[in-house]
Amino acid sequence: MWTADEKFHGIYAAFAVDAFCIAAANNLLKEMKLLLSDGVALNSLASFSGRNALQTAAGCGHIRGVELLIELNPDINVADRND
């Protein structure tokens with residue numbers, strides 16, 4: 001079990017990529033942009049879900065989050081850890 005021992009732009013998570021995917025899951029566009037500017041890799045997989053931010057935003061039905069991520073030209077062929 002992981003512990004949320006850090007806070008990334010208001011999001012508690014074990015790692016910055018986890019905070020990025022949490023932001024994507026909650027359609028927190030501002031936080032997504034801030035985490036990207038901090039250097040979070042666009043295609044990284046979250047430790048808790050095995051999915052990246054694009055997969056997470058799409059799975060949650062967050063169109064604006066998906067649009068934001070698509071504009072950044074992600075690798076749309078990245079497999080999640082569940083595949």
| request: Give the number of residues within segment 27-48 that are out of contact with any Gly (no Cβ under 9 Å at 6 or more places or on another chain) and part of a loop (DSSP other than H, G, I, E, B). | output: 11
| remark: Across segment 1-60, the tally of residues that are out of contact with any Phe, Trp or Tyr (no Cβ under 7 Å at 6 or more places or on another chain), under 17 Å from Asp80 (Cα atoms) and not hydrophobic (A, V, I, L, M, F, W, C) stands at 9
| What single numbered condition from (1) at negative phi; (2) in contact (Cβ under 8 Å) with a residue 24 or more places away in the chain; (3) surrounded by fewer than 22 Cβ atoms within 10 Å (Cβ to Cβ) fails to hold for Met32? | (3)
| query | If you check Ala58 against the conditions, is it touching a strand residue (DSSP E or B) at 6+ places or on another chain (Cβ under 6 Å), among the small types (Gly, Ala, Ser) and without any contact (Cβ under 8 Å) to a residue 24 or more places away in the chain? | reply | no
| task | Would you mind stating whether Val66 is surrounded by 13 or more Cβ atoms within 10 Å (Cβ to Cβ) and part of a loop (DSSP other than H, G, I, E, B)? | result | no
| said: Taking the criterion of being at pLDDT below 95 and surrounded by 14 or more Cβ atoms within 10 Å (Cβ to Cβ), would at least one residue in segment 75-83 satisfy it? | reply: yes
| query | When you go through (1) among the small types (Gly, Ala, Ser); (2) without any contact (Cβ under 8 Å) to a residue 12 or more places away in the chain; (3) under 22 Å from Ile76 (Cβ atoms) one by one for Ala13, which number turns out not to apply? | reply | (3)
| query | Considering only residues of segment 49-63 that are within 18 Å of Ala14 (Cβ to Cβ) and surrounded by 15 or more Cβ atoms within 10 Å (Cβ to Cβ), which is farthest from the chain's Cα centre (by Cα)? | reply | Ser49
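The values are calculated or read from the model by the stated rules, or taken from the named source; none is laboratory data. Everything numeric here is computed off the predicted structure, so don't read it as measured data. Neighbour counts run over all protein chains shown; Cβ positions are idealised from the backbone, glycine included.
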